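Novice: To start, I am sharing the structure in question, which I have written as structure tokens.
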Amino acid sequence: MKKILATLTLSLFVIGNSYADNNIYEFNKWLFENGLTEYVTIGEESEICKAQKKYSNMWYYNKCDQPQYTNNLKIKFYDGWIPEKNAKPNYDTLLYELFRFNERPFKVQGVKKYEVEPSSNPYEFSSELIDDKYIDKQLKKTALLSYLHFKDGKITIDKISPNDRFGKFIKEDTKLRSMSVGRSMASYTLAHAICGGYIDSFNVKLNDWPLLENTLYYNQKLSDILNMNSGDHKYIEAFEFVNSKELDEKFRGSLDDHMLSLKQYLFHLKNTKSSKPRFNYHSINSSIVLNYVLFKTGNDFEKILEKTFKDKAKIKNSVFFYKTTFRPRKEGNANIMFYATRYDYLRIAKAMLDDWQNDTCEGKYLKDIFENRINKDTKRIQALGGTSQWPYARGYAGQFQTHYTGINKKRAVMGMHGYGGQHVVIDFEKSRIVVTNSIHENFNFKKIVYGPFKKDK
């Protein structure tokens, strides 16, 4: 027994041979199926399988009935996300992270979706491409997966990671994880719910939703929820519940567990009262936005999603929000984690640009939240580990970043920014869009994302 336990313990730390870890097994299988035999091979029966009774539950759990893969990679495993500061992940680690967040949710976790099918008449971009050697260098040496630059109705830069890095995994129909870009997608969905007559305005009071009763969010203005200005900082800070000792183990730490419903979070905020409003960036406010749309639209929620992404943006491939598994709609089971292809992110951004410039109802919503923007507490957020855009985007407007340093605060430049280098930035006045997708933000944000807009003073 001691020998078996020692083997099991040791195996958890052996890179490439952790058959007890389903993630590693699935990762190795994914490598093999993608023809990366320089990294992974089918080996002999593992020591863990040898230690298990054949056909036992543990034997099946460790997939001993299946091919035993072995990789030769040097992976650094993180408990959660790769830290955005001071981390220098190698290629092997980045490859594992690509699998972990782009493939694993569907291959292993079985994530449920609120999915929107493609348009029958997808928008087709015109291109007038220019060469950009610096973007090429960034793609060759960083975790950057894709870079798109759109200006005056045309794509001018269209680049993906080279094949000897990550390009072999990025196809036209590859859906890429949004991270916090999904917050802005929820806000844009809200715009269509308002314009569809389901919600009176972005400034309505949330006093008609039983799910929020007896929490600090009840009877608050939707606009304050949108601006992360709901006065919840006594209870939530840096994506964690402040009084985590009082919480069940499942709820300690990150509020970005995308397998939990809004009701599960709100359970720990019963009998709370809001404090004086202060910008406080986390996921519960965003979840409230999306799930309020779900509540108010009822059985028409999918129709609103279709109107937003299929009819308006004219997506070419399906897009989706996560749906919390085993939780009904009434518990707030819509999640802000969003997936789309690199071009469909650009299609959605162009739809926002068109709405703004054509002064549609949704365009008026975007203008309203921009006018209602607030200043962020940038220094405090940075101290808590804020990402690269925080020193540049000093304002917040309805789930969009704005008020970029060096750019007139009245100029409508609004950004969608997510962990790991997911960026969609729109200049509504000068018709410019930049879209990046990445595994980790080790590329030059200042030069390739912020720079193009700073040049257009």
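Novice: Please enumerate the residues belonging to segment 119-166 that are surrounded by 12 or more Cβ atoms within 10 Å (Cβ to Cβ), under 26 Å from the mean Cα position of the chain (by Cα) and of a type in the set (Asp, Glu).
Specialist: Selection gives Asp136, Asp158.
Novice: Oh, and also: So, Asp224, is that one over 30 Å from Ser438 (Cβ atoms) and among the charged types (D, E, K, R) or not?
Specialist: yes
Novice: Hey, among the residues in segment 169-178 that are surrounded by 14 or more Cβ atoms within 10 Å (Cβ to Cβ) and not small (Gly, Ala, Ser), which one's farthest from Pro122 (Cα to Cα)?
Specialist: My answer is Phe169.
Novice: Cβ-Cβ distance below 7 Å, separation of 6 or more or different chains: which pairs start in segment 294-316 with a residue that is more than 22 Å from Lys263 (Cα to Cα) and end on one that is among the aliphatic types (A, V, I, L, M) and part of a helix (DSSP H, G or I)?
Specialist: Pairs found: Ile304/Ala193; Ile304/Val293; Phe309/Ile348; Lys312/Ala351; Ala313/Ile348; Ala313/Ala351.
Novice: Just the residues that are modelled with pLDDT of 70 or more and hydroxyl-bearing (Ser, Thr, Tyr), please, taken from segment 386-400.
Specialist: Result: Tyr392, Tyr396.
Novice: Out of Ile369, Ile336, Ile348, Ile315, report the one residue that is part of a loop (DSSP other than H, G, I, E, B), surrounded by 21 or more Cβ atoms within 10 Å (Cβ to Cβ) and not polar (S, T, N, Q).
Specialist: Ile315
Novice: Please enumerate the residues belonging to segment 315-333 that are more than 25 Å from Ser438 (Cβ to Cβ) and touching a Phe, Trp or Tyr at 6+ places or on another chain (Cβ under 6 Å).
Specialist: The answer is Lys323, and nothing else.
Novice: Report those helices (runs of 4 or more DSSP H) wholly inside segment 19-62 carrying at least 1 residues which are in the same structural domain as Tyr91 (by TED's automatic domain parsing) and more than 36 Å from the chain's Cα centre (by Cα).
Specialist: Correct list: 47-51.
Novice: Something else about it: Being crowded, with 16+ Cβ neighbours inside 10 Å and under 17 Å from Thr142 (Cα atoms) is the filter here; which residues of segment 60-80 pass it?
Specialist: Listed by number, the list holds a single entry, Ile75.
The values are calculated or read from the model by the stated rules, or taken from the named source; none is laboratory data. Just so we're clear, the structure is a prediction, and the values are computed from it rather than from any experiment. Heads up, the Cβs are rebuilt from the backbone with ideal geometry, glycines too, and the neighbour counts pull from every protein chain shown.
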